[in-house]
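Colleague: Here's a structure for you.
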Amino acid sequence: MKRRDFNRASLLSALFAGQLTLKPLHALAENDGKAASSARRIPWQNWSGYQKAKPAARLSPKTEDELAELLKTSELTVRPVGAGHSFTALVPTDGSILSTRHFSSVEALDGNRARVGAGVKLGQLAGQLNELGQALPNMPDINQQTVAGAFNTGTHGTGANFGAMHSYVESLRLVTPRGDILDCSRKQNADIFDAARVSLGSLGVITEYTLKNVEPYKLKLRTEMRPIEEVFDNFHELANNHRNFEMYYIPHCDYALVITTDLSDEPVSPRGEDTDNDSVRDLQKLRDYTAWWPGLRRKLVSSVAAMTEPTESVDWWWNIYPSDRAVRFNEMEYHLPREAIVPALRKVREIAETQHPDVFFPVEVRVVQEDDAWLSPFYKRPSASLATHRYYEEDFLPYFKSIEPIYQPMEGRPHWGKLHTLDAATLAARYPRWKDFNDIRQSLDPKGVMLNDHLRKVFTDV
C-alpha cells in the first residue's frame, strides 16, 4: 500500500509482528547499458522479473551521431531500455537493447524551462531541478523510471487539472532509424512531435526533452481511511476540490484509503518513515493466516482501518510525490472516461471479493487531465485510471483476465507500460489518430527496426 496508510503501531502490525517470515525479495540486476559479445548473451529482465530477454547486443551510444549510425546500419531489432518498470513486453528482443544512460544532462533554460536528457531518472531529475530553482508540475508515485521511459508510455501522476508527464514537453530531439536527427515541437515537425511524445519507442530514440516547469512549491499531504461507499459517493467532489487526489480500494475491506495534497505555505513537517511496504506485507500475512475464515479477514482489516487516525505532513514537492516500492508486483492499469470510474470500480470490487479471495494488493485509482498527444491514453478525454496489482511471485493471469472485460464497453485505454491483451484492431478504434501515428511510424522506420514481437502485435496485428 502507499503513503503512511496503516501505521506500524496498528492492531494489524501488533497481531503479526515477528510471527511470520516471508521469502526474501530477490534483487534484480540492472541493465548496465554496455555492449555485449554475441557469444555471451547477458540476460535482461524487468523490475518484476516477468519480462525476460537474452539480447544479442547491448548498446550504449555516447553521441547522437553514434546513435544515428547504429540505428541506420542495424540489421537487428533495436529496443530502447530504461529502468525496466514496464510490465508489457516493450523491451524483450533477441536483437539489441539500447541504453540512453549517456544522455542524462539537465540544463536550466529561461522561463522555468529545462533541457533534460532522456536517460535521467525522475528522482534524479527532481533533485537537479530543485537545485536549479525549478519543479515539475506533477509526478508519478515511482521515481525510478527514466524520463524517456515515463514519457513514452504515458506515465502520469494524479490531479484533475494536471496532465500526464508528457504533457509538460515543449520540444524533443528524435533520432530515427533512417539516421535523421529531428528537432520536434508544435512549430517544427509538429505531427512527429504529436506522435513522439507517447510512442513506445517505436519511432526511433529520443535523446532529450525541453520541459515547461514551475517554481518549487510545498505540498500538504493528508491520508485518511474512509468508508468505501462514502468515497464512491464523493469521488468527483474529492477530485475537484484538491490539487491531487487518489484513493486505494483495499480488497476484502469496507474502507478505502484517501490521499490528497494541496499547496501549502506552512512550515515543513516531514511525513516520517515510509511504512508502505510494511503495510502491504501485513495484508499478505493477514490473507495467509485467515485463509480458512475469510470473514475474519474482513473484520480485522476493516477494524484496523476504522481505528487508523488521519495523518498530515508538509514538505517540498519532490519529497511528497514518490514512495519506495520495494515489494514487487505485476500490474494492469486502464484509463477510462472519468464518469465511468466509479461504476467500473464497483464491478472490480465485486469480482475481486467474490472470485479472488487471495488478492491482497490495494487497487489504485487516480484522475488525469486530457491532452493531445496522439497515443496518449488521455487523448481528448478527461480520465481516471484504475490499477490492479498482484504480488510478483503469484499468478496474475486469472485475476487480470476476469477484470479486463469490464473496461471494454467503457472504451478503456490501457497504460502502455502495464499488462493488457488488446490488439491493433481494438486499439485503432480507441485512438482517433491511430492511422496518422502508424503512417508516421512507417515513414520513419520503413524496415521495422524498432519493432519487437510485442509492438508488431500492437501496431500491425501480425
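Colleague: Taking a 28 Å limit on the Cα-Cα distance, which of the listed pairs 62/121; 218/418; 52/72; 380/418; 54/457 fall beyond it?
Modeller: Numbers: 62/121 17 Å; 218/418 31 Å; 52/72 26 Å; 380/418 21 Å; 54/457 20 Å.
The answer is 218/418.
Colleague: With no solvent and one point per C-alpha, what does the Debye sum give as log10 I(q)/I(0) for segment 95-159 at q = 0.29 Å⁻¹?
Modeller: At q = 0.29 Å⁻¹ the computed log10 ratios are -1.39.
Colleague: Check the straight Cα-Cα distances from residue 299 and name the lysines below 23 Å, setting aside those fewer than 8 residues away within the same chain.
Modeller: 2, 285, 347
Colleague: Could you bin all the Cα-Cα distances of segment 332-401 into 5 Å bins starting at 0 and give me the percent of pairs in each, rounded to whole numbers?
Modeller: 3, 16, 25, 20, 15, 12, 7, 2, 0
Colleague: Right, something else. Can you give the convex hull volume of the alpha carbon atoms of segment 78-222 per residue, in Å³?
Modeller: Values: hull volume 17.2 nm³, N = 145.
Hull volume normalised by residue count: 118 Å³.
Colleague: Which number do you get for Rg(Cα) / (2.2 N^0.38 Å) in segment 129-209? Before the final figure, lay out the partial values.
Modeller: Working: Rg = 13.2 Å, N = 81, 2.2 N^0.38 = 11.7 Å.
Ratio of Cα Rg to 2.2 N^0.38 Å: 1.13.
Colleague: Can you tell me the dipole magnitude for the chain around its Cα centre, using point charges on the Cβ only (Lys, Arg +1; Asp, Glu -1), in Debye to the nearest 20?
Modeller: Values: 56 positive and 61 negative charges, 199 e Å.
The dipole of the chain has a size of about 960 debye.
Colleague: Shifting gears a bit: Under the 0.36 nm per residue contour assumption, what length would be gained going from the current alpha-carbon distance of residue 421 and residue 94 to full extension? Numbers along the way, then the final one.
Modeller: On the way: separation 327, 0.36 × 327 = 117.72 nm, distance 2.21 nm.
Computed gain between residue 421 and residue 94 is 115.5 nm.
Colleague: Mind ranking 173-179, 394-400 by how tightly packed they are, going by the mean number of other C-beta atoms within 10 angstrom, highest first? Intermediate results must be reported in sequence, preceding the final value.
Modeller: Values: 173-179: 20.7, 394-400: 16.4.
So the peptides 173-179, 394-400, ranked by packing, come out 173-179, 394-400.
Colleague: Extension gain residue 435-residue 277, at 0.36 nm per residue separation less the Cα-Cα distance, in nm? Walk me through the intermediate numbers first.
Modeller: Numbers: separation 158, 0.36 × 158 = 56.88 nm, distance 4.24 nm.
The span from residue 435 to residue 277 would gain 52.6 nm if fully extended.
Colleague: Give me the Debye-computed log₁₀ of I(q)/I(0) at q = 0.13, 0.18, 0.19, 0.27 Å⁻¹ for segment 391-461, equal point scatterers on Cα only, no solvent, two decimals.
Modeller: With no solvent term, the Cα-only Debye profile gives -0.47, -0.81, -0.87, -1.33.
Colleague: A further question follows. When the Cα centres of segment 307-370 and segment 396-450 are compared, how far apart do they sit, in Å?
Modeller: 22
Colleague: Just to be sure I understand the model, the point goes 7 Å from the Cα along the line to the Cβ. What's the resulting residue 215 to residue 303 distance in nm?
Modeller: For residue 215 paired with residue 303, the spin-label model returns 5.2 nm.
Colleague: So for the chain, taking the charge dipole from beta-carbon charges (+1 Lys/Arg, -1 Asp/Glu), which of 158, 454, 342 sits furthest toward the positive end?
Modeller: Value computed over the given set: 454.
Colleague: Report the Stokes-Einstein translational diffusion coefficient (µm² s⁻¹, integer) for segment 160-311, Rh taken as the Kirkwood radius over Cα pairs, at 25 °C with viscosity 0.890 mPa s.
Modeller: 126
Colleague: At a probe radius of 1.4 Å, what is the per-residue accessible area of residue 316, in Å² to the nearest 10?
Modeller: Around 90 Å² of this residue is reachable by solvent.
Colleague: Rounded to two decimals, what is Rg over Rh for segment 286-354 when you use alpha-carbon atoms and the Kirkwood radius?
Modeller: Rg divided by Rh gives 1.04.
Colleague: Whole number please: convex hull volume per residue, Cα atoms of the chain, in Å³. Before the final figure, lay out each step's value.
Modeller: On the way: hull volume 64.2 nm³, N = 462.
About 139 Å³ per residue, rounded to a whole number.
Colleague: Going by average Cβ neighbours within 10 Å, how do the peptides 293-305, 142-154, 448-460, 422-434 rank, with the highest at the top? It would help to have the intermediate numbers written out before the result.
Modeller: On the way: 293-305: 17.2, 142-154: 25.6, 448-460: 19.7, 422-434: 15.3.
Top of the packing list down: 142-154, 448-460, 293-305, 422-434.
Colleague: Now a separate question. Starting from the Kirkwood radius over alpha-carbon pairs of segment 254-375, derive D by Stokes-Einstein at 10 °C in a medium of 1.306 mPa s and give it in µm² s⁻¹. Don't skip to the end; give the middle numbers.
Modeller: Numbers: Rh = 17.5 Å.
The estimated diffusion coefficient comes to 91 µm²/s.
Colleague: Could I ask something else about it? How many times 2.2 N^0.38 Å is the alpha carbon radius of gyration of segment 323-462?
Modeller: Details: Rg = 16.2 Å, N = 140, 2.2 N^0.38 = 14.4 Å.
Normalised Cα radius of gyration, segment 323-462: 1.13.
Colleague: Sort largest first and round to whole Å: the equivalent ellipsoid semi-axes of segment 32-139, each the square root of five times a Cα gyration tensor eigenvalue.
Modeller: On the way: eigenvalues 175, 60, 20 Å².
Over the Cα atoms of segment 32-139, the semi-axes work out to 30, 17, 10 Å.
Colleague: Considering all alpha-carbon pairs of segment 364-407, what whole percent are spaced by more than 12 angstrom? Before the final figure, lay out each step's value.
Modeller: Numbers: 650 of 946 pairs.
Roughly 69 percent, once rounded to a whole number.
Colleague: Which helices, counted as full DSSP H runs in the chain, have an axial Cα extent of no less than 18 Å and a Kyte-Doolittle average of 1.6 or above? Spell out each step's value before the answer.
Modeller: Numbers: long enough: 276-289 (20 Å, -1.73); 294-307 (20 Å, 0.36); 341-355 (21 Å, -0.06).
TM-like helix candidates: nothing returned.
Colleague: Sum -39500 (n - 2.57) across every DSSP H segment of at least 4 residues in the chain, then divide by the residue count to get the 222 nm mean residue ellipticity, nearest 500. Don't skip to the end; give the middle numbers.
Modeller: Values: 15 runs with 131 residues, N = 462.
So the helix-based figure for the chain works out to -8000 deg cm²/dmol.
The values are calculated or read from the model by the stated rules, or taken from the named source; none is laboratory data. Computed from a predicted structure; not experimentally measured. Positions of Cβ are backbone-derived with ideal geometry, glycine not excepted, and every protein chain shown enters the neighbour counts. Calculation scope for accessible area: heavy atoms of the full protein, side chains included, ligands and nucleic acids excluded. Shrake-Rupley method; radii C 1.70, N 1.55, O 1.52, S 1.80 Å.
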